[in-house]
1. Given +1 on the Cβ of Lys and Arg, -1 on the Cβ of Asp and Glu, and no further charges, what dipole in debye does the range 42-103 carry about its Cα centre, rounded to the nearest 20?
2. Which of the trypsin sites (Lys or Arg not before Pro) across the range 15-53 are loop residues per DSSP, with 14 or fewer other Cβ within 10 Å?
3. Helix 86-103 versus the longest principal axis of the chain: what is the Cα-based angle in degrees, 0 to 90, to the nearest 10?
4. Helix 43-54 sits at what angle to the longest principal axis of the chain, using alpha carbons and giving 0 to 90 degrees rounded to 10?
5. Among residues other than residue 100 whose Cβ falls under 13 Å from its Cβ, what is the net charge (Lys/Arg +1, Asp/Glu -1)?
Amino acid sequence: MTETPYLFPPSKNAEYVKQTSDLHKQWVPVLNDLGIRRRPPYNCRHTYATICLMSGLNPAFIAQQLGHSVQMLLSTYARWLNSSSDWSELEKLKIGIKSVSAENPAS
């Protein structure tokens, strides 16, 4: 077996997996070998999206990666946003209000 940086290497000396059938041929045997219950490879998209959101990545970046609009991403995955950062998000709002107030002092 040739060395490759991929968990599921492309077949026929291709640069990347071009056909999902290539992945599906390898998917089930790997899950079985690892003792993981059978699930579709598509679930990896959901795992990727939730890990990105929980890690605090920019939703616009994640949406682009998935080929979604930000609205679609948030309507599907909003529950996975890290609620532990809620208070720091409110602090950002306070800082933003202060900076706008400093730029436009009341006359």
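Readers should treat all values here as calculations from the given coordinates under stated rules, not as data from a laboratory. The structure displayed is predicted, hence computed values, not measured ones. Cβ atoms come from the backbone with ideal geometry, glycine included; neighbour counts cover every protein chain shown.
1. Numbers: 5 positive and 4 negative charges, 23 e Å.
Computed charge dipole of the range 42-103: roughly 120 debye.
2. Values: sites: 18, 25, 37, 38, 45; in loops: 18, 37, 38.
Loop-located and lightly packed - 18, 37, 38.
3. So the inclination is approximately 40 degrees.
4. 30
5. Net local charge, residue 100 excluded: +2.
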